[in-house]
Structures are given as C-alpha cells and as structure tokens.
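K.L.:
Structure provided below as structure tokens; questions to follow.
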Amino acid sequence: KVLNKYIPADFDPKLVPRGSKPKDDLIPVRMMLPFTVQCSTCSDFMYRGRKFNSKKEPVKGSEGKYLGIQRWRFYIKCTACSRPVTFLTDPKNGDYEMESGGTRTYEVHKDKERVNLKAEEEDARTEKLDPMKALENRVLASQKEMADLDNLDEIKAMNMRHLKIMSAKGGNGGSGGGTRMDVADLVLKKTRDEEAERQKKQLLDLDEEDEALIKSIKFGKRNLNSNGNGNGNNCINNNNNNNTDRSGDTKVIRLSKEEEEEIQLRREMEQKLMEKQQAEMLCKAQAKNNGTGTSTGSSTTKNKLNPLIKVKRKRKVKSTENTNTNKRE
C-alpha cells in the first residue's frame with residue numbers, strides 16, 4: 001500500500017473527472033447484521049453478526065429525519081431464497097427497526113429494558129398521584145443510602161487495618177511490606193483474636209435471670225469444729241440442720257480448701273482400713289480352706305466375710321465412745 005504519492009508541480013485538481021453518482025442513490029456497504037432475522041418466505045435464520053454486502057439509502061419523506069438525524073434504509077438478500085430484506089435505523093431508541101422481508105426474533109434483554117422503563121414510568125405516575133407513596137419511596141431511598149454509607153465505612157476501616165498491619169510488617173524488617181501470604185495470615189489472626197474477645201465478653205455478660213439466681217444464693221463461712229476424730233460429717237450435718245431450722249430456706253454453705261482436704265484424707269484412711277480388714281479375713285479363710293478342703297471352703301468364706309460389716313460398726317462405736325470419754329475428761 002502506497003502512503004505517499006507523488007504530486008507533480010503542474011497538477012491541476014480541476015482537471016480531475018468527477019465520479020458518477022450511484023444509481024438510485026444506493027451506496028454499497030459491507031456490514032454485519034445487528035439482530036437475528038427469520039426470512040418470511042423460506043423461514044431460514046440469518047443470525048446476528050453475519051456479514052453481508054448490503055446497500056443503503058437515505059429515508060425520504062416525513063419520517064426521514066428524527067431531531068435532525070438522518071435515517072437510513074439497508075437492503076440485503078436472504079442467503080437461502082435471495083428474497084430482499086430491508087431494515088431501518090432507529091435513532092429515537094438507539095436501535096434498528098425491521099421493515100420488510102423477515103421478522104426479528106425475540107430478545108430478552110430488550111424486553112427487560114422495556115419492562116423496567118415502564119415500571120419506572122408507572123412509579124413516577126403513582127408518586128405524583130399519591131404523596132404517601134412518594135414519602136415511603138424517599139424513606140426507603142434514604143435507608144438504602146445510609147446502609148451503603150455504613151458498608152463504605154466498614155470497607156475503609158478494613159483497608160486502614162490492612163495498611164497498619166502492612167506497615168508494621170514492613171517496619172519489623174525487610175525492604176517491603178512482606179509477602180501477600182504473610183499479610184493475609186496477619187489479618188486472619190487479628191480477626192480471629194477479635195472474634196475470640198467478643199465471644200469471651202458475651203460469656204462474661206450475665207442475663208437478668210442469671211443475676212437473679214446469683215442474688216438468691218446466700219453464701220456464708222463455717223468453721224469445721226473437728227478434732228480429727230472423725231466427726232467432720234456430723235458437724236456439717238448439724239450445721240445444715242441448724243441453718244434450715246433458723247430460716248425456712250436452705251442456705252448454700254461452701255467448704256474451705258482445708259476442710260475439703262481433711263474430709264478427703266479421712267475417706268482415704270477409711271478405705272485403706274476396710275481393704276486391710278478384707279485382706280486379713282481372706283487370708284484366714286484361705287488358711288482354713290487348706291486344712292479342711294475345698295468343698296467346705298466356699299461356705300466358710302461366706303460365713304467369715306459377713307462379720308466384716310459388724311467389725312466395722314464395732315470400730316465406729318468404739319471410736320465414738322473414745323471421743324465421748326475424752327470430752328468428759
């Protein structure tokens with residue numbers, strides 16, 4: 001392709017012959033179909049975007065112009081039956097208008113835009129007639145605007161948090177602000193910590209029912225008057241009975257740590273004593289079985305194991321008697 005052409009010095013543009021006008025003012029144009037067309041004769045489809053060697057002409061008459069904009073008519077032929085198909089430009093709607101030779105297929109997006117436009121016109125008409133409807137629409141619009149502003153503030157706060165984290169990461173060491181993965185990990189860690197703190201605060205916050213329950217419980221201190229002779233449980237029962245007698249409601253009495261340890265130690269000593277007694281009785285029964293035989297061993301062990309409880313009761317009685325004599329002395 002030649003870009004620079006030589007123009008001689010004696011060139012006279014007036015001597016250049018004028019080109020002849022096209023026949024019937026038809027101008028050949030290579031174009032693509034702006035919409036899908038179905039032929040009216042053979043029902044064949046010519047889809048949108050297909051290229052055609054078409055011809056165009058200006059529309060004449062009263063409909064030739066819209067607000068000073070010239071309208072054009074395009075001529076094409078069907079690819080199957082060669083029937084002429086014409087369509088016009090539509091500057092009013094910024095689209096094309098089918099004229100003859102075929103039908104335009106249904107387009108969802110065009111219908112959607114048309115429905116939305118009709119709905120907006122209907123809303124504007126109802127607002128003019130009904131002032132309460134107009135007020136409701138304004139309130140809804142203001143609420144939506146406030147929600148959008150809140151969302152925007154949250155996004156800004158998040159961006160500021162990210163910037164602080166990135167600056168802190170860059171200040172610790174290194175030329176940059178760290179890799180993206182490091183920044184993401186820091187952001188996730190911070191959000192998790194905040195969520196954990198929020199849940200902890202929710203757990204610590206008490207409802208009205210919980211506060212009423214705590215106020216209803218009356219806490220008090222009690223001294224365990226036990227001399228180590230096994231009367232701790234009796235003291236506890238006596239104190240509880242006294243409390244219930246004095247006031248009609250039951251009171252919750254909390255033991256101190258020393259009292260709990262003392263009771264636990266006493267229970268362990270009793271358990272060891274019981275195990276020791278059982279072991280002694282079993283040894284005696286086995287020694288007797290070795291002398292008398294295995295046939296009568298089971299009956300003798302049963303007879304000897306039963307007095308275990310009696311021995312324990314006798315020991316308890318002796319201990320109480322000893323404590324009473326000590327107190328009398």
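K.L.:
Rounded to the nearest 10 Å², what accessible area does I76 show when all protein chains are kept and the probe is 1.4 Å?
P.N.:
Spelled out: I76, probe radius 1.4 Å, area about 10 Å².
K.L.:
Now for a different question. Given R₀ = 30 Å, what would the calculated FRET efficiency be for S40 paired with N4, taking r from the Cβ atoms and rounding to 0.05?
P.N.:
The pair S40/N4 has a calculated efficiency of 0.05.
K.L.:
I'd like the accessible area for S62, computed on protein heavy atoms only with a 1.4 Å probe and all protein chains in place. Round to 10 Å², please.
P.N.:
120
K.L.:
Taking amide H positions as placed 1.01 Å from N in the peptide plane, with prolines and chain starts having none, which residues 5 or more places from V29, or on another chain, fall under 5 Å of its amide H?
P.N.:
S54, K55, K56
K.L.:
If I ignore ligands, DNA and RNA and count only protein heavy atoms, how much of M166 is accessible to a 1.4 Å probe, in Å² to the nearest 10?
P.N.:
For M166, solvent-accessible area is about 80 Å².
K.L.:
Given the peptides 4-11, 36-43, 186-193, arrange them by the average over their residues of other C-beta atoms within 10 Å, most packed first.
P.N.:
Top to bottom by mean Cβ count within 10 Å: 36-43, 186-193, 4-11.
K.L.:
Report the local net charge at N137: Lys and Arg +1, Asp and Glu -1, summed over other residues whose C-beta lies under 15 Å from its C-beta.
P.N.:
Combined, the nearby Lys, Arg, Asp and Glu give -3.
K.L.:
Continuing with this model, one more query. Distances over 23 Å make up what percent of all Cα-Cα pairs in region 18-121?
P.N.:
37
K.L.:
Okay, next question. What's the tally of Lys pairs in region 42-116 whose alpha-carbon atoms lie under 30 angstrom apart, where the two lysines are 8 or more places apart or on different chains?
P.N.:
Close lysine pairs found across region 42-116: 25.
The values are calculated or read from the model by the stated rules, or taken from the named source; none is laboratory data. No experiment lies behind these values; they were computed from the predicted model shown. Cβ: placed from backbone, ideal geometry, glycine included. Neighbour counts: every protein chain shown. Accessible surface is based on the protein model in full, side chains and every heavy atom, while ligands, DNA and RNA are left aside. Shrake-Rupley method; radii C 1.70, N 1.55, O 1.52, S 1.80 Å.
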